[in-house]
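A short worksheet on the structure shown next.
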């Protein structure tokens, strides 16, 4: 009589299925680890140049701007989620 559709299992029923994220896959995790290790080795080998330059003074400002841009999704990220277009 009454058909109940479980929205949580909609992907199994052929609904709107999203592919898994690359960054959560095995290859993505390996890539993240390789990039972090490469960055640490590069920083270790060039630490004298990094610490002696004036870039160290600008680093906090650049980090704040970068975090703001990426965490808010670029321009227009301050809008609330319930705005209708």
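What length, rounded to one decimal in nm, is gained on full extension from residue 25 through to residue 65, with 0.36 nm per residue of separation minus their alpha-carbon distance?
11.5 nm
Which value results for Rg/Rh of the stretch 19-71 when Rg is the Cα radius of gyration and Rh the Kirkwood radius based on the inverse mean 1/r?
The Rg/Rh ratio comes out at 1.12.
Calculate the spin-label point distance for residue 54 paired with residue 37, positioning each point 7 Å from the Cα along the beta-carbon direction, and give it in nanometres.
Calculated label separation equals 3.8 nm.
A short reminder: the numbers here are calculations on the coordinates, not readings from a lab. Because the structure is predicted, anything quoted here is derived from the model rather than measured. Note that each Cβ is placed from the backbone with ideal geometry, even for glycine, and that neighbours are counted across all protein chains shown.
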